1. Quick one: which of His219, His196, His159 is under 15 Å from the mean Cα position of the chain (by Cα) and on the phi > 0 side of the Ramachandran plot?
2. So Ile156 ticks every box in (1) within 18 Å of Gly4 (Cα to Cα); (2) at pLDDT below 95 but one. Which box is left unticked?
3. Could you say whether any residue in segment 216-228 is modelled with pLDDT of 95 or more and part of a strand (DSSP E or B)?
4. Can you name the residue in segment 5-20 that is free of Cβ contacts under 8 Å to residues at least 40 places away in the same chain and assigned to a loop (DSSP other than H, G, I, E, B) and, of all such residues, is surrounded by the fewest Cβ atoms within 10 Å (Cβ to Cβ)?
5. Might you check whether a residue that is of a type in the set (A, V, I, L, M, F, W, C) and part of a loop (DSSP other than H, G, I, E, B) occurs anywhere in segment 73-86?
6. For Ala87, all conditions in the list (1) more than 28 Å from Ile241 (Cα to Cα); (2) over 16 Å from the mean Cα position of the chain (by Cα) hold save one; what is the number of the exception?
7. Restricting to segment 209-236, name every residue that is out of contact with any helix residue (DSSP H, G or I) (no Cβ under 6 Å at 6 or more places or on another chain), more than 27 Å from Pro29 (Cα to Cα) and not β-branched (Val, Ile, Thr).
8. Mind telling me which of the residues Ala153, Ala173, Ala204 ends up being open to solvent by less than 60 Å² (accessible area, probe 1.4 Å) and farther than 21 Å from Phe86 by Cα?
Amino acid sequence: MHLGVNIDHVATLRQARYATMLDSHNTEPSVLAAARAALEGGADSITLHVREDRRHMQDADALAVRREIPLPLNLEMGATAAMLEFALQLKPDYVCLVPERREEITTEGGLSVAGHEAELRPLVAALQANGSKVSMFIDPDSEQVRASAAIGAAMIELHTGRFANTLGEERKAETARLIAAAELGHSLGLEVHAGHGIQVSNLAELNDVPHLTELNIGHTIISRAIFVGLTAAVQEMKSAIAQYKW
């Protein structure tokens with residue numbers, strides 16, 4: 001099981017004070033320093049989301065991480081022509097296509113691939129021709145899994161938000177959806193990842209989901225880092241996911 005560390009919220013904190021003066025000599029915290037700390041803690045890749053409205057990560061952040069950090073870079077992005085142009089310049093190892101709405105605080109659900117195959121297929125082809133493996137961030141739904149395979153994506157990332165935000169019987173039902181989606185994706189030749197709302201406290205139940213090769217985790221690691229530091233927080237999560245049994 002690999003761990004992709006999402007460092008978006010380091011940029012969120014920086015923007016809270018320095019959004020209008022990013023060139024200031026005392027701008028902090030540093031996204032690049034966060035990526036280095038994650039590397040030191042054992043991260044297998046760095047994930048960052050350059051949103052269309054640039055609310056946290058900026059183009060320069062992604063370019064610096066790509067240039068300076070010797071880890072695979074996973075760029076999360078909306079499926080737009082402008083973001084495609086940036087991704088072709090950045091040349092990340094992986095691109096995860098995600099939905100974006102200006103009014104949301106953070107990504108609230110999976111991308112609707114089914115029904116939008118004609119729009120997404122050429123975008124996926126362009127990214128993969130540029131050297132980036134492409135993933136679809138989708139809800140654990142069989143229609144979305146099949147559509148992701150049909151447009152030529154190499155990977156899917158299952159949105160685990162509903163799993164994380166429920167308990168009891170609802171959690172069991174969401175776990176069953178994740179299991180079914182992971183099994184279907186694997187059978188279709190897709191590499192299966194998962195992300196959103198994953199914490200050490202819910203990992204034990206997520207271990208029932210087969211064929212996961214990577215978890216992309218951000219908020220809980222950055223939150224924990226406030227108390228123990230980012231390197232230690234990444235190390236703790238690496239140790240926790242090492243219990244994955246598949």
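The values are calculated or read from the model by the stated rules, or taken from the named source; none is laboratory data. Source: prediction; values computed, not measured. With ideal geometry, Cβ positions are generated from the backbone for all residues, glycine too; neighbour counts draw on all protein chains shown. Heads up: the accessible areas ignore ligands, DNA and RNA and are worked out on the full protein's heavy atoms, side chains in. Shrake-Rupley method; radii C 1.70, N 1.55, O 1.52, S 1.80 Å.
1. The unique qualifying residue is His196.
2. Unmet for Ile156, out of (1) within 18 Å of Gly4 (Cα to Cα); (2) at pLDDT below 95: (2).
3. Here is the first cut: in segment 216-228, the residues modelled with pLDDT of 95 or more are 216-228.
Within this subset, residues satisfying the condition of being part of a strand (DSSP E or B) are 216-217.
Checked segment 216-228: at least one residue is modelled with pLDDT of 95 or more and part of a strand (DSSP E or B).
4. Here the residue is Thr20.
5. yes
6. (2)
7. Answer for segment 209-236, where residues must be out of contact with any helix residue (DSSP H, G or I) (no Cβ under 6 Å at 6 or more places or on another chain), more than 27 Å from Pro29 (Cα to Cα) and not β-branched (Val, Ile, Thr): just Leu212.
8. Result of the check over Ala153, Ala173, Ala204: Ala173.
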